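Scroll down for the structure; my scribbles are underneath it.
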Amino acid sequence: MPSDPPFRHAIEVADLRKVYTTTRGTFRRTKVENVALAGIDLAIAPGELFGLLGPNGAGKTTTVKVLTTLLLPTSGTARVLGHDVVSATGDVRRRIGFVFGGERGLYWRLSGYDNLRYFADLYRIPPQVSKRRIGELLEVLGLAGREHDKVEGYSRGMKQRLHLARGLLNDPDVLFLDEPTIGLDPVGARDLRVLIRGLADHGKTIFLTTHYMFEADAICDRVAVIKKGRIVAEGTPSSIKQLVGDIGVVEFEVDTISQEDIERLQGLDTVSSVVVTERELALVVTIHCAQPAEVMTQLGRLLDGIAFRRVSAREATLEDAYVELIGEAS
Amino acid sequence: MTQSLAAFARSTWLQYVALFQWATPLGYFAYKVVLPVTQIVFFVQLGVFATGPGNALYFALGNSLQLTANSGIFGVIATVSNERQYGTLPLLLGSPANRLLTFMSRSFVNVLDGIVSVVFGLVVTAILYGLDLRTANLPLLGLCIVVISITTAGLGLLFGSLGLVMRDSIIVANVVYYGLLILCGINFPVSRLPDALQVVAYSLPLTRGVMAAREAVAGAAFGQVAGLLAGELLVGAVYAGLGYALFRLLEGWARRGGLQEAY
Ligand SMILES: Nc1ncnc2c1ncn2[C@@H]1O[C@H](COP(=O)(O)OP(=O)(O)OP(=O)(O)O)[C@@H](O)[C@H]1O
Ligand SMILES: [Mg+2]
């Protein structure tokens with residue numbers, strides 16, 4: 001067992017940049033530079049469940065790939081358990097597990113059990129250990145009984161759980177999960193979240209990316225919001241919510257609403273943003289504001305003659321804060 | 001030691017089943033029985049038609065030996081390059097597994113498979129065309145079969161690596177397969193090729209091995225073909241080495257941000 005250098009943070013990232021260089025065109029080839037990470041810093045404590053949130057193309061997967069040694073950064077440093085992810089790949093690889101969302105990355109023609117045996121061999125886990133661990137993982141992940149079926153016959157949720165079992169085979173200290181609940185039904189996704197939370201409670205450091213704010217809110221100890229390769233906010237889910245002010249949300253439905261009406265709502269002192277989204281048969285108007293109760297009382301006056309319904313006021317969620325942050329930093 | 005050997009055997013077998021398309025009983029039958037018999041019969045008929053009945057055995061023997069390319073080329077290319085299709089390459093590259101061992105082991109079962117194919121082809125040849133092995137140097141013939149199974153797999157490893165970046169590796173496999181069929185003295189002696197193509201032929205696996213095997217069938221002693229076999233092994237090793245080098249090159253490229261689709 002190689003000893004680790006002393007480390008305070010399970011994951012430590014300093015000024016990490018990744019610029020992808022791709023070529024475009026078949027005959028006149030031009031180089032295109034795409035800045036995926038524009039210098040990010042992260043420090044994640046051992047045992048922490050950390051969530052990286054951000055829109056499509058923000059750099060989440062890129063970050064995970066760098067931290068799992070699959071991708072070289074352009075500059076900056078990243079350490080996992082004190083080991084440099086560029087130079088000490090062997091030490092990092094032995095001690096981490098990683099799961100990328102989606103159905104790829106399994107041998108469909110093999111059974112779930114054989115998939116796990118194969119990967120256990122890749123990690124050179126002694127047979128007695130791997131046998132016991134595979135059994136445990138199949139049990140915990142609810143795959144016991146189906147482990148000898150071929151993976152091609154598994155549902156998406158089963159494949160996802162098999163992925164997680166694979167990621168846990170080497171009993172990693174740090175687990176990277178890139179959108180682990182993508183494509184799962186609500187119950188399956190919740191079960192998986194409970195499981196992930198449980199892993200963190202048992203001392204594993206978990207680095208997770210997700211698009212689902214409620215997911216991050218529900219299980220993460222700490223989150224960071226990344227946008228266009230930059231971290232735009234970081235903290236506990238509740239501190240992120242506070243970042244965008246002591247805001248509440250007023251929501252209601254209308255059939256139509258004019259631009260003037262929206263502007264009138266925006267004109268209120270306490271209102272910070274008004275967002276209109278289309279939902280099935282109606283438009284949903286979401287107002288972010290400091291005093292939801294007061295805005296509620298004013299709605300009738302401001303929207304004279306408009307039939308609005310289902311008015312509700314609530315506390316801001318992480319998603320509200322996220323929408324605000326992502327909008328702001330553009 | 002026995003433990004790691006067992007693990008090695010298991011994972012090579014699992015890789016073979018996982019990554020090789022024809023690893024179903026029916027597929028295997030079509031591939032290992034129907035196709036070889038068809039190929040042998042086709043080329044014998046063609047050859048007999050073109051050169052007369054006296055040469056039937058030459059064609060039958062050549063095509064039986066070339067069956068090793070079934071596993072060595074198609075099998076190995078599929079086993080290496082299918083990783084791209086399954087999206088499992090990052091898992092391999094992100095693991096602490098020994099790269100050389102993992103890479104080389106992809107050819108292992110295919111080598112055994114190649115040996116079985118050739119033996120099957122020889123049985124077919126014996127039954128259909130009266131191949132008489134009573135005067136043959138059987139141990140030497142066996143050795144030749146093992147050697148060509150290894151060397152064709154070496155060439156397969158190179159094209160398997162290529163397949164990690166190319167979408168149509170199966171087309172490449174076909175070209176290589178038929179290239180071997182034409183150039184390696186399967187259906188006519190290499191000496192009948194134009195000079196330039198002879199150079200190509202001698203830089204391919206099979207050529208020397210098939211020559212040696214023909215000699216062995218005629219009863220030659222080991223010493224008479226040792227040079228051919230050594231050359232054959234060298235050629236195979238060079239291709240396998242190039243394949244591994246290419247694999248590592250691609251690994252580095254992938255880490256710098258290329259090989260996007262395979263990820
Ligand atoms: N191999 C690659 N070559 C070139 N550009 C790439 C490559 N991989 C990612 N990118 C680009 O880098 C940026 C960040 O991509 P990344 O996959 O990290 O985003 P993400 O946050 O994971 O997005 P998503 O939520 O859609 O998964 C994007 O602009 C993307 O197009
Ligand atoms: Mg992503």
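Computed from the coordinates by the stated procedures, all read-outs in this text should not be read as laboratory data. The structure displayed is predicted, hence computed values, not measured ones. Positions of Cβ are generated from backbone atoms using ideal geometry, with glycine treated the same way; all protein chains shown enter the neighbour counts.
Worth pointing out:
- Rg/Rh (Cα only; Kirkwood hydrodynamic radius) as it applies to the range A:209-330: 1.00
- Estimated D of chain A in µm² per second, where Rh is the Kirkwood radius over Cα pairs and Stokes-Einstein applies at 4 °C, 1.567 mPa s: 58 µm²/s
- Rg/Rg_globular for the protein assembly as shown, with Rg_globular taken as 2.2 N^0.38 Å and Rg from C-alpha atoms: 1.25
- In range of the label at residue A:243: residues from the range A:190-228 whose backbone nitrogen is under 19 Å from the point 7 Å along Cα→Cβ: A:207-228
- Global geometry of chain B, whether rounded, prolate or oblate, following the gyration tensor of its Cα atoms and the 1.5 cut on a/c: prolate
- Over the protein assembly as shown, DSSP H runs of length four or greater, each weighted -39,500 (n - 2.57), average out per residue to a 222 nm ellipticity of -16000 deg cm²/dmol.
- Between helix A:112-122 and chain A: long-axis angle, C-alpha atoms, 0 to 90°, nearest 10: 60 degrees
- In this structure, the residue pairs whose Cα-Cα separation is over 29 Å, taken from A:131/A:204; A:204/A:241; A:18/A:150; A:131/B:32, are A:18/A:150; A:131/B:32.
- Projecting the Cα positions of A:115, A:144, B:157 onto the charge dipole of the protein assembly as shown (unit charges on Cβ atoms of Lys, Arg, Asp and Glu, taken about the Cα centre) puts B:157 furthest along the positive direction.
- Neighbouring partner chain Cβ atoms per residue of A:112-125, average, 10 Å criterion: 5
- Label-point gap, in nm, between residue B:35 and residue A:8 - each point 7 angstrom along Cα→Cβ: 6.1 nm
- Along the range A:98-106 the Karplus relation, 6.51 cos²θ - 1.76 cosθ + 1.60 evaluated at θ = phi - 60°, assigns HN-Hα couplings of 8, 9, 9, x, x, 9, 6, x, 10 Hz to successive residues, with x for each Gly and Pro.
- Average beta carbon contacts from partner chains per residue of B:246-256, 10 Å cutoff: 2
- FRET efficiency, 1/(1 + (r/R0)^6) with R0 30 Å, evaluated for residue A:156 and residue A:286 via beta carbons: 0.45
- Average beta carbon contacts from partner chains per residue of B:77-88, 10 Å cutoff: 2
- Karplus 3J(HN,Hα) series, Hz, for the range B:58-65 with 6.51 cos²θ - 1.76 cosθ + 1.60 (x for Gly, Pro): 4, 5, 4, 5, x, 5, 5, 5
- Under Karplus coefficients 6.51, -1.76 and 1.60, residue-wise ³J(HN,Hα) of the range B:118-123 in Hz, glycine/proline x: 5, 4, 4, x, 5, 5
- Gyration tensor over the Cα atoms of the range B:76-117: the corresponding equivalent ellipsoid has semi-axes (square roots of 5 times the eigenvalues, largest first) of 22, 13, 5 Å.
- Among the trypsin sites (Lys or Arg not before Pro) within the range A:24-103, those in coil by DSSP and having at most 16 neighbouring Cβ atoms inside 10 Å are A:28, A:29.
- Expressed as a fraction of 2.2 N^0.38 Å, the C-alpha radius of gyration for the range A:1-40 is 2.00.
- Amide H partners (placed H, <5 Å) of residue A:223, local residues excluded: A:51, A:235, A:236
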